[in-house]
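The values are calculated or read from the model by the stated rules, or taken from the named source; none is laboratory data. The shown structure was predicted, so the numbers you read here are calculated from the model rather than taken from an experiment. Neighbour counts run over all protein chains shown; Cβ positions are idealised from the backbone, glycine included. Just so you know, the surface numbers come from the protein's heavy atoms only, side chains and all, with ligands and any DNA or RNA stripped out. Shrake-Rupley method; radii C 1.70, N 1.55, O 1.52, S 1.80 Å.
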Amino acid sequence: MFLGTQLSLSLVIASRIKSRAQKSVRLFSTSPCLSLCCVWDDALGLVEGGSYIGKVLFFDPAKNEILQVPDKTIPQELLNSKPIGASQGWGFSSEQSNHNSLHITDLFNPLAASKSNTKMIPLPPLTSMLYGQTKVVWNVAMSSSSPHEEDCVVAIKFFGRQLSMCKPGRDLAWTNRLIPFDRAENSNLMYSKRDQRFYLPAPGGNYLCSWDLHFDNDPKFNELVFPNFPNLPQSTWEDLDSCIREDHWVESPSGQSFLVKRYSRVGSKAPMVMVLVFREEDQVTAKGTRNMCYTQDIGDLCIFLSKNDPFCVVASSCPGLKPNSIYMMDHCVSICELANGTVTCFELPKMMPFSPFWIPPCSV
């Protein structure tokens, strides 16, 4: 179930986060947040249109506390849906009974203008390609801050080789493309406002694949050149070889680009999380290459990674965030301080009904 009545409202982050009073508050700050879940009380009954009145819970990384947004209208369509991703503050969900039936909602935008009129935008039914599948979504990326904008394009990267895109409210069907390499499971799709292109790191992280907003042409490739690498002990490199690696192409508000290599390991061996960041030093060269230099200093920036499109925030614009840090969400919330490589992990509340997604700073 996308929503549940059994989740306790007294959720607490693990002992590393200082205990704070959890108040039902309205979010008027512009801090990024982690969407946790929705809860509602059956005793409140149904309202007009078969919707429920409930609460949406978020984790605020700047304050290290869980915040509640009360009196949200939860549409009937979401009751039997599951989330598949988030982008630009909008959530994407599919029906439990039909995974090809999708919609976009602003329910998880903490500053949504109307709590009593949650927006629901249907998308065309998904269709599978040969050598593709639509049951498992890896991540979603959107080209605009609102699906109502005329030139907005939604792109979905599936687990495997299929990539689908459409213009919400305008296209009657998805445009499907095969990703031009066999393995792309551990790379996240993102949209570059600077270049007006969708980017996807290729396996190995040595090339960057991209499409324009029309997806009419063949994808473009740029070779990534690495003039320097971190000076790590051989044992550390061996540990990294045993980890799962994700490649994220991220763009700062000023248009600066980064390649973030996230390594993680869970299971029988000791858990491990490590991040390597490479900064694009100049624009694309005449040969189509991009120079990526290893760095432990991204300045007054924070990068947010999860199973949605990665994004970058100016730390000083959100008091409480740690500058020069990577905020990650996977099995737990992890914060990597790049200057010294320290990684702090926070456990999420138990019984979470779905995988949380980072929501970028929102505005009314």
Test: residue in region 320-332 that is surrounded by fewer than 16 Cβ atoms within 10 Å (Cβ to Cβ) and either modelled with pLDDT of 85 or more or in contact with a helix residue (DSSP H, G or I) (Cβ under 9 Å, 6 or more places away or on another chain) (or both): yes
Residue, nearest to Val284 (Cα to Cα), within region 197-216, restricted to residues that are among the charged types (D, E, K, R) and under 23 Å from the mean Cα position of the chain (by Cα): Arg197
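Take Phe278 and tell me if it is open to solvent by less than 10 Å² (accessible area, probe 1.4 Å), modelled with pLDDT of 95 or more and more than 13 Å from the chain's Cα centre (by Cα).
yes
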Strands (runs of 3 or more DSSP E) contained entirely in region 69-121, each with at least 2 residues that are modelled with pLDDT under 80 and of a type outside the set (Lys, Arg): none
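Please tell me if Ser210 is touching a residue at least 24 places away in the same chain (Cβ under 8 Å) and among the polar types (S, T, N, Q).
The answer is no for Ser210.
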Region 217-239 residues that are more than 19 Å from Val284 (Cα to Cα), paired with ones that are open to solvent by less than 60 Å² (accessible area, probe 1.4 Å) (beta carbon under 7 Å, 6 or more apart): Phe229/Tyr294; Pro230/Leu276; Pro230/Tyr294; Asp239/Met272
Qualifying residue in region 247-260 (condition: open to solvent by less than 60 Å² (accessible area, probe 1.4 Å) and in contact with a His (Cβ under 7 Å, 6 or more places away or on another chain)): yes
The one condition in (1) closer than 17 Å to Leu259 by Cβ; (2) part of a loop (DSSP other than H, G, I, E, B) that Gly132 fails to fulfil: (1)
Strands (runs of 3 or more DSSP E) enclosed by region 192-232 - at least 1 residues per element that are closer than 26 Å to Ile244 by Cα and hydroxyl-bearing (Ser, Thr, Tyr): 197-201, 207-211
Any chance Pro310 is loosely packed, with under 15 Cβ neighbours inside 10 Å, modelled with pLDDT of 90 or more and of a type outside the set (A, V, I, L, M): no
